[in-house]
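These notes concern the structure reproduced below.
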Amino acid sequence: MNPYLKIMRLPNLGIIVLTQYLLRYCVINYWYDYSGVSAAFSNLDFALLVLSTLLITAGGNIINDIFDVETDSINRPEKMLVGKFIPPFTAKIFYLSLSITGMLIGVYLAYRVQSFQLGLIFPAIVIMLWIYSKTYQKVLLLGNVIVASLSAMVILIVWLFEFFALTSNPNIYVEVQNSLKFISHIFLAYALFAFIVSMIREILKDAEDRVGDFETGYGTLAVVWGQSVAKYLASVLLIVGMAFLSFVLYWLYQNGFQMVMWYLGIVVQILFVYVLYYTLIARSKKDFHSVSNAVKIIMLAGILSMQLFCI
């Protein structure tokens with residue numbers, strides 16, 4: 001694969017596209033159809049929102065690789081791109097081009113829905129990703145919380161823009177106001193799911209990268225408190241995720257979404273149990289790498305549950 005495509009993490013960007021479009025068509029549009037109206041945020045503007053998210057995320061991946069050259073040379077030298085296939089200066093220009101373009105698109109969309117506050121989100125995220133890559137990822141748990149929060153924001157931003165678009169379209173707002181609380185609950189549930197799963201994966205990645213992080217002065221959980229503590233904290237969060245999912249299953253049952261309930265209960269909950277078991281017995285770098293990848297499958301499986309609302 002072309003190194004300039006590879007450094008953007010195309011599979012992760014694909015998951016973002018899938019997530020945001022499923023939220024659009026299988027959550028928002030699904031409930032709007034009952035009222036006989038279309039989304040207030042136009043299809044073109046929504047496509048631009050997805051593009052903005054992708055550009056800023058890709059920029060974040062690039063700046064992270066730029067600052068991680070030293071530690072990546074120890075943890076994963078075979079996957080290094082900056083300094084090996086892409087000159088550092090070129091990588092910085094690429095990062096700035098993607099991030100600034102994504103930020104400007106986001107600010108334009110905020111203008112479209114007449115919300116100055118939404119426009120501030122995009123430069124804030126770009127700045128946060130830069131500070132995270134330079135400093136916060138080296139700080140105990142702080143970097144993990146930031147990444148998990150940004151994962152949740154990928155979901156929440158879809159509803160934020162639709163909601164503010166509604167406020168400038170009172171006719172549509174009146175038609176769908178009875179569904180707003182329900183849609184908000186769905187978005188909040190998926191956002192919390194994304195936060196918990198991302199936290200688990202980040203902690204497991206810290207355990208996997210402990211050697212390189214230690215040698216380059218990172219203060220991650222696995223470095224400061226040891227690999228075992230990181231492993232058991234990830235296990236506790238997996239149990240929290242299972243408990244949260246159990247609550248969601250009950251809520252879905254109470255509201256008549258049997259198909260979604262059975263899918264989450266059988267597929268995602270079993271994946272949680274599988275990952276918990278292998279996290280507890282993980283010992284080597286290879287073990288933690290495998291478990292970290294399995295957590296990505298949990299995230300993808302959870303996202304795919306949205307399509308069942310449309311069936």
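The values are calculated or read from the model by the stated rules, or taken from the named source; none is laboratory data. This one's a predicted model, so the numbers in the text were calculated from it and none came from an experiment. Virtual Cβ from ideal backbone geometry, glycine too; neighbours counted across all protein chains shown.
Tabulated results
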item	result
Residues within the stretch 148-186 that are at pLDDT 95 or above and not in a helix (DSSP H, G or I), tallied	0
Residue check, residue 256 surrounded by fewer than 18 Cβ atoms within 10 Å (Cβ to Cβ), touching a residue at least 60 places away in the same chain (Cβ under 8 Å) and either of a type outside the set (A, V, I, L, M, F, W, C) or closer than 20 Å to residue 148 by Cβ (or both)	no
Some residue of the stretch 270-289 being loosely packed, with under 14 Cβ neighbours inside 10 Å, β-branched (Val, Ile, Thr) and within 26 Å of residue 183 (Cα to Cα)	no
The listed residue being surrounded by 22 or more Cβ atoms within 10 Å (Cβ to Cβ) and either closer than 25 Å to residue 310 by Cα or among the polar types (S, T, N, Q) (or both), out of 23, 51	23
Set 75, 61: member being within 21 Å of residue 208 (Cα to Cα), at pLDDT 95 or above, surrounded by 16 or more Cβ atoms within 10 Å (Cβ to Cβ) and not hydroxyl-bearing (Ser, Thr, Tyr)	61
Of all residues making up the stretch 108-127, the number that are buried (at least 16 other Cβ atoms within 10 Å of the Cβ) and either touching an Asp or Glu at 6+ places or on another chain (Cβ under 9 Å) or closer than 30 Å to residue 225 by Cβ (or both)	4
Whichever residue in the stretch 13-41 is free of Cβ contacts under 8 Å to residues at least 24 places away in the same chain and more than 15 Å from residue 163 (Cα to Cα) and, among such residues, is farthest from the chain's Cα centre (by Cα)	33
Filtered residue count, the stretch 223-237, keeping only those that are within 18 Å of residue 197 (Cα to Cα) and small (Gly, Ala, Ser)	3
Residues being without any contact (Cβ under 8 Å) to a residue 40 or more places away in the chain and either surrounded by 13 or more Cβ atoms within 10 Å (Cβ to Cβ) or within 17 Å of the chain's Cα centre (by Cα) (or both) - total across the stretch 1-12	2
Near pairs, Cβ below 6 angstrom, 6+ apart or cross-chain, from the stretch 171-187 (in contact (Cβ under 8 Å) with a residue 60 or more places away in the chain and surrounded by 13 or more Cβ atoms within 10 Å (Cβ to Cβ)) to any residue that is among the aromatic types (Phe, Trp, Tyr) and part of a helix (DSSP H, G or I)	176/32; 179/31; 183/31; 187/159
Those residues of the stretch 131-145 which are over 22 Å from residue 160 (Cβ atoms), touching a Gly at 6+ places or on another chain (Cβ under 8 Å) and part of a helix (DSSP H, G or I), in sequence order	133, 136, 137, 138
